[in-house]
1. Relative contact order of the chain: what whole-number percent is it, with Cα pairs under 8 angstrom and at least 6 residues apart?
2. Express in nm, to one decimal, how much length is gained between residue 81 and residue 178 on full extension, taking 0.36 nm for each residue of separation and deducting their alpha carbon distance.
3. If R₀ is 41 angstrom, what is the calculated FRET efficiency for the pair residue 42 and residue 136, using the beta carbon separation as r and rounding to 0.05?
4. How would you order 139-146, 179-186 from highest to lowest mean count of nearby Cβ atoms within 10 Å?
5. Under the classification rounded if a/c is under 1.5, otherwise prolate if a/b is larger than b/c and oblate if not, where does the range 5-56 fall, given a ≥ b ≥ c as square roots of the Cα gyration tensor eigenvalues?
6. Sequence gap at least 6, Cα distance under 8 Å: using those rules, report the relative contact order of the range 129-225 to the nearest whole percent.
7. Rg to Rh ratio, the chain, alpha-carbon atoms and Kirkwood radius?
8. Separation of the range 39-87 and the range 219-235 by C-alpha centroid, Å?
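Just so it is clear, none of the values below were taken in a lab; they were calculated from the coordinates. Note that the structure is predicted; figures quoted are calculated from it, not measured. No Cβ is skipped: glycine too gets one built from the backbone with ideal geometry, and neighbour counts run over all protein chains shown.
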């Protein structure tokens, strides 16, 4: 039997809709609403009541971090307790409530609203938090982590020659912040703490050079070049075509 009258009550105090057969309704605030539909047939006088619950949520992803920058190896704590209306759901075959994407290829799916992660190398990382509510709606929040780490490098004007060999060292470090400390170890038990030193090697040999830089945040990185400087010393030598000579003989000397 077809219904002649429809009475919709959306459960939010907005009044009864007795005009629209298939209404569209907007809820102004979140909550659990008892929605009812009452129908009446004029001929039979039969009526029918059907009700169901509408769960309206205002899902918001939100999280805080204890630090947003630092050196390589930075350990960061994340807290998503400020997120609103999150719900447990299944992901990658198990239940959880918070998907963390750290921006460095790593991720976590956790039930707890806290997480922690170590950022091991320099770069800018976009950390994302994804949450879902009981209606399968999703929301995403993001924050950025910057990891500072200098990339040390150096060049020389001469890496091999005769003793005494004077070498000009030039700092070629790549950095995104200010370098405040330099440490050079020249391989001959001497060292300096200047940016572009000049060093003289007084003895022949092969020398390994160690170079470390530290930026304003205290982040350090070093580089070692094995047997990088080669110092030689000339050893004079010659031979003669004949050393058993008489007066007036000619002899050839070969260097």
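1. Details: 567 pairs, mean separation 30.7, N = 255.
Computed value for the chain: 12 percent relative contact order.
2. Details: separation 97, 0.36 × 97 = 34.92 nm, distance 3.62 nm.
Result for the pair: 31.3 nm of gain on full extension.
3. Details: r = 40 Å, r/R0 = 0.99.
Rounded to the nearest 0.05, the efficiency is 0.50.
4. Values: 139-146: 15.2, 179-186: 16.9.
In descending order of packing, they fall as 179-186, 139-146.
5. Working: a/c = 3.23, a/b = 2.10, b/c = 1.54.
Note, shape of the range 5-56 comes out prolate.
6. Details: 179 pairs, mean separation 26.7, N = 97.
Relative contact order, the range 129-225: 27 percent.
7. Working: Rg = 39.4 Å, Rh = 26.3 Å.
Across the chain, the Cα-based Rg/Rh ratio is 1.50.
8. For the range 39-87 versus the range 219-235, the Cα centre distance is 62 Å.
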